[in-house]
Amino acid sequence: MLPAETHVTDWLQLIRAEYLEVPGLSLTREQAQRLWGLDPVTVEALLTALVDVKFLRCTRQKAYVRADAD
């Protein structure tokens, strides 16, 4: 596996863990970017990947929450 792929995998695991650890976590893209110190392109790619696998969903208020949250 390439180092860049490992990096992405690590970030995806970290973000999943944060959402699992903090019930009701709701972050905008900008908040996630600041929280994890990521650049805009990277945070967008990570959040999109988690939406694609139906772990997260984007609300009308543009916040990312767990897909199984009400």
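Here the accessible area is traced with a 1.4 Å probe on the protein chains. For the chain, carbon and sulfur cover 56 percent of it. Of the residues THR59, THR28, THR42, the one whose Cα sits farthest toward the positive end of the charge dipole of the chain, with +1 on the Cβ of Lys and Arg and -1 on the Cβ of Asp and Glu, is THR59.
Think of each Lys and Arg Cβ as +1 and each Asp and Glu Cβ as -1; about the Cα centre, that makes the dipole of the chain roughly 280 debye. Among residues other than VAL22 with Cβ under 15 Å from its Cβ, the summed charge is -1 (Lys and Arg +1, Asp and Glu -1). Which value at 222 nm does the chain reach when only helices count, each DSSP H run of 4 or more adding -39,500 (n - 2.57), with the total divided by all residues and rounded to the nearest 500 deg cm²/dmol? Computed ellipticity for the chain at 222 nm equals -18000 deg cm²/dmol.
By the combined test of axial Cα extent (at least 15 Å) and Kyte-Doolittle hydropathy (mean at least -1.0), the qualifying DSSP H helices of the chain come to 3-21, 40-52.
The values are calculated or read from the model by the stated rules, or taken from the named source; none is laboratory data. The structure presented is a predicted model; accordingly, all values stated were derived computationally and were not measured. Cβ coordinates were reconstructed from backbone atoms using ideal geometry, including for glycine residues, and neighbour counts include every protein chain displayed. We work out accessible area using only protein heavy atoms, side chains counted, and drop any ligands, DNA or RNA first. Shrake-Rupley method; radii C 1.70, N 1.55, O 1.52, S 1.80 Å.
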